Every structure is written in structure tokens, then in C-alpha cells.
Amino acid sequence: MRWENRRRSDNVEDRRGQSPGYSAAGAAPLLLRFLPLMVRSRTGRIVLVLGVLVVFGGRLLGIDVLSLFTGATGGGTQSARPFSEQEQQMADFVSVVLADTEDTWGELFRGRGATYREPTLVLFSGRVNSACGMASAAVGPFYCPGDQQLYIDLSFFQDLKDRHGAPGDFARAYVIAHEVGHHVQTLLGISQRVREAGRGQGEARVNALSVRQELQADCFAGIWGHAANTERQLLDPGDLEEALLAATAIGDDRLQREAGRQVVPDSFTHGSSQQRVRWFSAGFESGDLDACDTFSAVRL
């Protein structure tokens, strides 16, 4: 994949090496919950006034007191430890791929008379706190609709290569583009409709909806791949095969077999290897949003 010397996204937040802590956004609901009790109590009012004075006094002195208590971090790219040349190269790669998805989806949304709101991609190591709760690297890359951010521990890409047998830069790019696909679903209102359709339903029905949503995200990843290949000629020979190998490697049936479990289609949440390959290919070949309607498809 020809990614070197290309634009890097400004929407990358580097939290690698930092303690996950608790964000100010996460602390706010808790504060609002106890605020009425504090106001009714004389001691509570005193504590509240003192707290406000400390916070604003710290601001005047250039100290973000709130972040000291909550562990919240800003949106910069500073981290707690230096990283190897290989680690930094991987972070640069992720930033370039994110930038290219911004170009693709920005153009597609403009063509539909809409504005694409770019997501933030958070790099973390070990554990991370998001609007969707605390998560460990074991869950793999994920998208949180609550804060419209993507979360990736770069060690996953080594796991993708070593454990799942899916090496290559375009395999890694497919993973990023899939999570961006979930952001597109959020912007288009698809994710909300899926949540509403699953409310009060049984596990099998909720899983079936999840599979269709995940396969559509694969198809959206394919749309990005189509644009990257035809409009910007970023792909090298063999890159498409890398993405298809990755899609195969993380199919639900494949993962269940690797774990020594019986393959149970009703328990699938992302789709089989064959389905993931089929829908990524549908987006890659067409570059068309209309080709990605997994919710109306009779055959997945």
C-alpha cells in the first residue's frame, strides 16, 4: 500500500502509555446526580463553593485541577513514554489511513448534500476509558457511538498477523476502515435504528441485527478501498488479497473453531468469514452506498 508521504489526519489522540483514569465527561453525570443533595446541605454547599474556587483558581494559575482529579487528558498527541521507530511508523500509518477515509467519506457525503463529521481516533495501550465504558485491548479495535470515537491498541495489528495469519498494511487498513464504517452508520442514523429494532427482542434477533450492521460496516470499508484504489491509486498488487484474508480470519465461524468451540450461527455477531468477504467485496467493487444495504438483503 502506497501510504508514505501522504496527509496525516489531525483527528488522532494518542493516549498510549497513559493511565486510563476517568474523563471529565464521565465525571459530569455523577456530579449532576449528587448536585441537588449538595445544594440542600449546608456542608454540601460549602464543599461545592470551595470546589468551584479551587477549580477556577487553578485555571487562573494555568493548572487544570479537574484533570488532576479525573485523569482526563487533552486532545494532543503527547504520551507518557517514548515509542520505538516501528511503533511510531504504525501510528503514522493509522493517521494516514484515517485521513484517507476522511477524504473518501467527505466527498461521498457532499455528493448527497450532507456534511461528513470526522471522528477522532484514539490510540491506547492496555486499557482505555470511553463514553461506552472501560475497555481492554483484548476487545480489539472498537467504535463508541457515545463519543463518536474509534479506539485502537496498535498491538492488535501484531495479533492480526501472528494469531490470525493476516499480515499486511491493507489488512490493517481494512480494520480501521471497518470502524470508520460504524461512524458512518451513526451519522446516517442506521445505528440508532438498529438499537430501536433490537429493543425488547431476544438474543437471536439482536445477534442477527448485529451481523447485518457489522457486514454493512465491512461493505463501507470496501467503499473506502474502492476510492483509495481507483481515485488515488494507493493499492499495490496483492493488497486486496490482504484485506480479504483479514476478513476471513475474523469471521465468527473461524474464531469459534479456533477457540475449540462448536460453530453456532445464532451466536454470530459479526458474520461468517464468507459473509465478511462477500460484503467487503461488494463495497470494493462498486464504491456505491446502495450496494451495502445488508438490512434488505435476502442472502447475506
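The values are calculated or read from the model by the stated rules, or taken from the named source; none is laboratory data. On a predicted model such as this, the values are computed, not experimentally measured, just so you know. Here Cβ is always computed from backbone atoms with ideal geometry, including for glycine, and neighbour counts include all displayed protein chains.
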Report summary line: Contact list, first residue from region 286-298 and of a type in the set (Val, Ile, Thr), second anywhere and at pLDDT 95 or above, beta-carbon distance below 6 Å, six or more apart or interchain, is THR294/ARG212; THR294/LEU215; THR294/GLN216
Report summary line: Among ASP266, ASP236, ASP218, the single one that is surrounded by fewer than 23 Cβ atoms within 10 Å (Cβ to Cβ) and either in contact with a Pro (Cβ under 9 Å, 6 or more places away or on another chain) or within 30 Å of ASN5 (Cα to Cα) (or both) is ASP236
Requested in this report: Pull up region 139-153, narrow it to residues that are in contact (Cβ under 8 Å) with a residue 12 or more places away in the chain and not in a loop (DSSP other than H, G, I, E, B), then point me to the one that is farthest from ARG193 (Cα to Cα).
Outcome: ILE152
Query - Residue satisfying condition, being closer than 19 Å to ALA247 by Cα and either at pLDDT 95 or above or touching a Leu at 6+ places or on another chain (Cβ under 9 Å) (or both), within set GLU196, GLU214 - result: GLU214
Query raised in the report: Would it be correct to say that GLN185 is on the phi < 0 side of the Ramachandran plot, surrounded by fewer than 23 Cβ atoms within 10 Å (Cβ to Cβ), at pLDDT 95 or above and in contact with a strand residue (DSSP E or B) (Cβ under 7 Å, 6 or more places away or on another chain)?
Result: no
Query raised in the report: Could you give every pair whose Cβ atoms fall below 7 Å, whose first residue belongs to region 86-115 and is closer than 19 Å to GLN158 by Cβ and touching a residue at least 40 places away in the same chain (Cβ under 8 Å), and whose second residue is in a loop (DSSP other than H, G, I, E, B) and aliphatic (A, V, I, L, M), counting only separations of at least 6 or pairs across chains?
Result: GLU87/LEU154; MET90/LEU154; ALA91/LEU154
Query raised in the report: Can you name every residue in region 239-263 that is hydrophobic (A, V, I, L, M, F, W, C), outside any helix (DSSP H, G or I) and surrounded by 13 or more Cβ atoms within 10 Å (Cβ to Cβ)?
Result: ILE250, VAL263
Query raised in the report: Which of the residues belonging to region 191-231 are of a type in the set (Val, Ile, Thr) and touching a helix residue (DSSP H, G or I) at 6+ places or on another chain (Cβ under 6 Å)?
Result: VAL194, VAL206, ILE223
